[in-house]
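Below: one structure, written as structure tokens.
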Amino acid sequence: MTDQQDDNGRHKARMQQQKAKVDERVANAQQEKGILIVLTGNGKGKSTSGFGTVTRAVGHGLKASVVQYVKGTWPCGERDLLEKLGVEFHVMGTGFTWETQDKTTDIAAAKKAWEFTKQCLQDPSIDLLLLDEITYMLSYKYLDVDEVVAALSARPTQQNVVITGRACHRSVIEIADTVSEVRPIKHAFDDGIKAQKGIDW
Ligand code: ATP
Ligand code: MG
């Protein structure tokens with residue numbers, strides 16, 4: 001037997017072993033239920049991943065809704081596209097500027113967005129709900145974490161929820177099914193490169 005044949009044989013055996021393990025794990029994963037995904041951490045890619053999941057769901061004909069817990073009325077490429085495809089958006093938008101920070105207005109806007117979120121969390125026709133940047137509402141204590149956890153836990157069994165934002169509260173992480181932390185290794189902004197349309201928003 002040549003060295004190459006020997007190597008091929010070992011590779012084949014390893015692959016067969018790996019396939020058996022994967023097959024077993026696939027066979028064991030039989031539960032069908034909506035999941036709670038948390039995308040957190042300080043690196044870039046959380047909201048784009050959340051919107052990517054919405055696009056994936058819509059592509060399969062599922063119904064998705066988005067609540068954006070962002071203060072400004074920033075432009076957002078995903079919103080412009082997904083609204084055309086029937087995805088309902090609720091944008092918190094307080095008309096915020098750095099010059100006129102008003103905590104009372106922010107809290108009122110957060111609570112209004114939360115009222116809409118609660119309705120979505122009781123609506124079994126929504127297959128996927130994206131709560132973009134909601135983590136900050138909990139960090140600032142604009143929303144009550146116990147109330148948020150209770151509403152998430154009581155949602156329809158088949159409904160999927162994606163939460164994005166830095167420093168996600170541990171109580172939300174505890175009830176989540178899938179949690180990913182995006183870690184920054186480099187970011188162009190730190191090199192003085194401007195945020196770009198279509199890349200950053
Ligand atoms: P994206 O929307 O690009 O997926 P994100 O949701 O992970 O980013 P956010 O914390 O919501 O990140 O920040 C939104 C904006 O800030 C984006 O324009 C993004 O490029 C930028 N950003 C994200 N992470 C960093 C970072 N580590 N340093 C500088 N800017 C960042
Ligand atoms: Mg984001």
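Within the chain, no helix built from a complete DSSP H run reaches 30 Å or longer along its own axis (Cα positions) while carrying a mean Kyte-Doolittle hydropathy of 0.0 or higher.
THR157 sits with roughly 100 Å² accessible to a 1.4 Å probe, with DNA, RNA and ligands left out of the calculation. Of all the options GLN119, GLN18, GLN31, the one that moves most in a Gaussian network model of the chain with Cα springs shorter than 10 angstrom is GLN18. Computed over the stretch 113-178, the range of Cα coordinates on each principal axis works out to 31, 25, 19 Å, biggest value leading. Here the Karplus relation 6.51 cos²θ - 1.76 cosθ + 1.60, evaluated at θ = phi - 60°, turns the backbone of the stretch 164-169 into coupling constants of 10, x, 6, 6, 4, 4 Hz, with x for every Gly and Pro.
Helix-only mean residue ellipticity at 222 nm, the chain, DSSP H runs n ≥ 4 weighted -39,500 (n - 2.57), per residue, nearest 500. What is it? Numbers along the way, then the final one.
Values: 7 runs with 86 residues, N = 201.
Helix contribution divided over all residues of the chain: -13500 deg cm²/dmol.
On a 27 Å Cα-Cα criterion, which of the cross-link pairs LYS33/LYS71; LYS141/LYS186; LYS63/LYS103; LYS19/LYS44; LYS46/LYS112 come out too long? In this structure, LYS33/LYS71; LYS141/LYS186; LYS63/LYS103; LYS19/LYS44 exceed 27 Å between Cα atoms.
Which of these, GLN101, GLN159, GLN68, has the largest mean-square fluctuation under a Gaussian network model of the chain (Cα springs below 10 Å)? The residue that fluctuates most here is GLN101.
Near VAL162, the amide H atoms lying under 5 Å from its own belong to ILE37, LEU129, LEU130, LEU131; only residues 5 or more places off or on other chains count, and H is placed 1.01 Å from N. For the stretch 34-183, what class follows from the C-alpha gyration tensor (a ≥ b ≥ c being the square roots of its eigenvalues): rounded when a/c is under 1.5, otherwise prolate if a/b is larger than b/c, else oblate? Taking the square roots of the gyration eigenvalues as a ≥ b ≥ c, the stretch 34-183 is rounded. Bridging of LYS12 to lysines at a Cα separation below 19 Å is possible for LYS21, once same-chain residues fewer than 8 apart are set aside. Highest mean packing comes first when the peptides 164-174, 181-191, 83-93 are listed by Cβ atoms within 10 Å, giving 164-174, 83-93, 181-191.
Rounded to the nearest whole angstrom, the semi-axes of the ellipsoid equivalent to the stretch 1-74, taken from the Cα gyration tensor as √(5λ), stand at 43, 19, 12, largest first. Positive contributions from Lys and Arg (+1) and negative ones from Asp and Glu (-1), summed over other residues with Cβ under 13 Å from the Cβ of GLN18, come out at +4.
Nonpolar atom fraction for the stretch 34-183, defined as the carbon and sulfur part of the 1.4 Å probe accessible area, stands at 52 percent. If you take every residue apart from TRP74 with its C-beta less than 14 Å away from the C-beta of TRP74, what net charge results, scoring Lys and Arg +1 and Asp and Glu -1? Net of charged neighbours comes to -2. Using a 10 angstrom cutoff on alpha carbons, build the Gaussian network for the chain and name the most mobile of LYS103, LYS46, LYS118. Of LYS103, LYS46, LYS118, the Gaussian network model singles out LYS103 as fluctuating most.
The values are calculated or read from the model by the stated rules, or taken from the named source; none is laboratory data. As the structure is a prediction and not an experimental result, all values here were calculated from the model. Using ideal geometry, Cβ is built from the backbone for each residue, glycine included, and neighbour counts are taken over all protein chains shown. Areas reflect the complete protein model, heavy atoms only, side chains present, ligands, DNA and RNA absent. Shrake-Rupley method; radii C 1.70, N 1.55, O 1.52, S 1.80 Å.
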